[in-house]
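Peer 1: Input: one structure, supplied below.
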Amino acid sequence: MLARVNSAAVLGIDAYAVQVEVDISRGLRSFTIVGLPDVAVRESRERVESAIRNSGFEFPLDRITVNLAPADIRKEGPSFDLPIALGILVATGQVSIDELDETALIGELSLDGHLRRVAGALPIALGARAWGQRALIVPPANGKEAAVVDDFEVYTTENLYDCVCLLEQGLMDEPVQVTDEDLNLEAPSYEVDFSDVKGQGHVKRALEVAAAGGHNVIMIGPPGAGKTMLARRVPGILPPMDLQEALEVTKLYSVTGLLAEKTALMTTRPFRHPHHTVSTAGLVGGGSIPKPGEVSLAHNGVLFLDELPEFSHSALEVLRQPLEDEAVTIARAQVTMTFPANFQLIAAMNPCPCGYYSDPQRQCTCSPGAILRYRKRISGPLLDRIDIHIEVPRLTPDELMDRQPGEKSEDIRERIIRARQAQRTRFADTNFHCNAQMTSKALRHFCPLSEEVAALLRAAIDQFALSARAHDRVIKLARTIADLAGADHIAVPHIAEAVQYRSLDRKLWT
């Protein structure tokens, strides 16, 4: 007898429909799965057999053939356990179900028949709704993330037996519901706050400017100056995500299996902090079937690269495309994938290999040649794509002993939200969302400079030998500083502050 069960799989970050066909015929006992299954899919034979027996059903002693269609796309993961088991029960006549045509199923089976969570429930739910499915059955741990999809029914069952009962009853149970608290994006909760940071007022200001305009930052200072502490607090001052941004981030974490159990939406912006030994594939994504890397997991959030010169040259240079295009494309012989990568880069480094160059309290032990080689690990083109270069000095004893709390992240975020609102109004008829995204043509249209301002900028270019790209970055920074001040036009103080954020690289790299 032949049975068909609807399921789905994920390719990249999007889902595609998979029909699980189960045929049981007389012959020598066998259990074959075809349709380009990977090892995890092939191993489902043992899980399915044990789950069926331990759920009170009989496992057939005949020839079982399972086809995962379409057969020309490689299938990965254990999410086909549940539809395969259900297909066997239908094909053997042990259960009779009328709801299979309009229902999709995913889930990994334990040996006793219980359902374990799988990756990619949210994109699968979005895809199933688009294909015209009425409902989706998922493990309990995946219920809330799948139930985020509007106008679509999501059901959860604890085990295989309960799943059969639910389907035989015609899906009469109440579908999973998400609460307003699960979808509350207006008040994200972060564990760290800027009020914990002592001193470093000029660095806080630079990070506020960066967050207000979507600019990239590099912080240079000795060990223990607080670079990592400052970077970890940047997501807390970024504007709250809207629903579309939250869905994009949740999809990425869902397909990579990083979404916390029973989480509906990621309401806080991501903060990714890969170690400097990360491979190129780990940073931007890769694999025979490409998977998202750290730059994609930082989408709509912050990618923090500590000890920037310690990253491999290839890893640093491959960052140039996502920094410009806000996406990363990975080409393989069988498939080409494009993953979103609209992140804010915050990098940190020491001024020299020992970390104490120009430190007033400790003497640097590095030779001039060693310092030059260390700094030249970061190429000029990559450095020009980083808008703000800021020095983070060691804290003084008075700053360390100061017990007064600093300004709260919530107060800083309010100013940034107002600045972003001004940018949304300015770019209402364009594809830009913040000042950092402006092209050279857009700069000429949206950022006209008075003669006085242009003269100051021209002098800064001559003095610091700024590149053409750095010239554009300075104007973008000045426009962001003006937005924070509520000014309609760029003025001399705005340009003067913006130039300070570009002069550090010339001081160090020349």
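Peer 1: Return the total of residues in the range 284-323 being among the polar types (S, T, N, Q) and farther than 19 Å from Pro270 by Cβ.
Peer 2: In the first step, residues of the range 284-323 are kept if they are among the polar types (S, T, N, Q); the result is 288, 296, 300, 312, 314, 321.
Now drop any that are not farther than 19 Å from Pro270 by Cβ, which leaves 288, 312, 314, 321.
Going through the range 284-323 one residue at a time, the tally reaches 4.
Peer 1: Looking only at the range 336-354, how many residues end up being part of a loop (DSSP other than H, G, I, E, B) and surrounded by fewer than 19 Cβ atoms within 10 Å (Cβ to Cβ)? Steps first, please.
Peer 2: Residues of the range 336-354 that are part of a loop (DSSP other than H, G, I, E, B), as a first pass: 341-343, 350-354.
Among the residues that remain, those that are also surrounded by fewer than 19 Cβ atoms within 10 Å (Cβ to Cβ) are: 353-354.
Qualifying residue count, the range 336-354: 2.
Peer 1: All but one of (1) open to solvent by 40 Å² or more (accessible area, probe 1.4 Å); (2) without any contact (Cβ under 8 Å) to a residue 40 or more places away in the chain; (3) in contact with a strand residue (DSSP E or B) (Cβ under 9 Å, 6 or more places away or on another chain) hold for Pro322; which doesn't?
Peer 2: So Pro322 meets the others, but not (1).
Peer 1: Further, regarding this structure: Residues in the range 221-250 that are in contact with a Pro (Cβ under 8 Å, 6 or more places away or on another chain), open to solvent by 10 Å² or more (accessible area, probe 1.4 Å) and within 27 Å of Ala470 (Cβ to Cβ): how many?
Peer 2: 1
Peer 1: Can you tell me which residue is nearest to Leu247 (Cα to Cα) among those in the range 1-35 that are among the β-branched types (Val, Ile, Thr) and touching a strand residue (DSSP E or B) at 6+ places or on another chain (Cβ under 6 Å)? Spell out how you get there, then give the answer.
Peer 2: In the first step, residues of the range 1-35 are kept if they are among the β-branched types (Val, Ile, Thr); the result is 5, 10, 13, 18, 20, 22, 24, 32-34.
Subset that is touching a strand residue (DSSP E or B) at 6+ places or on another chain (Cβ under 6 Å): 5, 18, 20, 22, 24, 32-34.
Values: Val5: 28, Val18: 23, Val20: 28, Val22: 34, Ile24: 41, Thr32: 37, Ile33: 34, Val34: 33 Å.
It comes out as Val18.
Peer 1: Within the range 52-77, restricting attention to residues that are closer than 29 Å to Gly287 by Cβ and of a type in the set (A, V, I, L, M), which residue is surrounded by the fewest Cβ atoms within 10 Å (Cβ to Cβ)?
Peer 2: Ranking the qualifying residues of the range 52-77, first place goes to Ala71.
Peer 1: Give, as residue ranges, the helices (runs of 4 or more DSSP H) completely inside the range 97-173 that count at least 3 residues that are closer than 22 Å to Gly12 by Cβ. Reasoning before the result, please.
Peer 2: On the way: elements: 121-130, 143-147, 160-168.
Where helices (runs of 4 or more DSSP H) fall fully within the range 97-173 and carry at least 3 residues being closer than 22 Å to Gly12 by Cβ, they are 121-130.
Peer 1: Name the one entry in Ala104, Ala69 that is under 26 Å from Leu258 (Cα atoms) and under 37 Å from the mean Cα position of the chain (by Cα). Lay out the reasoning, then the answer.
Peer 2: Numbers: Ala69 fails: under 26 Å from Leu258 (Cα atoms).
After applying the criteria, what remains is Ala104.
Peer 1: Surrounded by fewer than 18 Cβ atoms within 10 Å (Cβ to Cβ), touching a residue at least 60 places away in the same chain (Cβ under 8 Å) and within 30 Å of Glu248 (Cα to Cα): does that describe Asp38? Please lay out each step first, then the result.
Peer 2: Details: surrounded by fewer than 18 Cβ atoms within 10 Å (Cβ to Cβ): yes; touching a residue at least 60 places away in the same chain (Cβ under 8 Å): no; within 30 Å of Glu248 (Cα to Cα): yes.
Judged against the criteria, Asp38 is not a match.
Peer 1: For residues that are in a strand (DSSP E or B) and over 16 Å from Ala298 (Cβ atoms), tally how many sit in the range 314-329.
Peer 2: Taking the range 314-329 first, the residues in a strand (DSSP E or B) are 327-329.
Right, trim to over 16 Å from Ala298 (Cβ atoms) and you get 329.
Residues flagged as in a strand (DSSP E or B) and over 16 Å from Ala298 (Cβ atoms) within the range 314-329 amount to 1.
Peer 1: Would you be able to tell me the number of residues in the range 1-47 that are charged (D, E, K, R), closer than 18 Å to Pro70 by Cα and over 37 Å from the mean Cα position of the chain (by Cα)?
Peer 2: Qualifying residue count for the region: 1.
The values are calculated or read from the model by the stated rules, or taken from the named source; none is laboratory data. On a predicted model such as this, the values are computed, not experimentally measured, just so you know. Cβ coordinates were reconstructed from backbone atoms using ideal geometry, including for glycine residues, and neighbour counts include every protein chain displayed. Areas reflect the complete protein model, heavy atoms only, side chains present, ligands, DNA and RNA absent. Shrake-Rupley method; radii C 1.70, N 1.55, O 1.52, S 1.80 Å.
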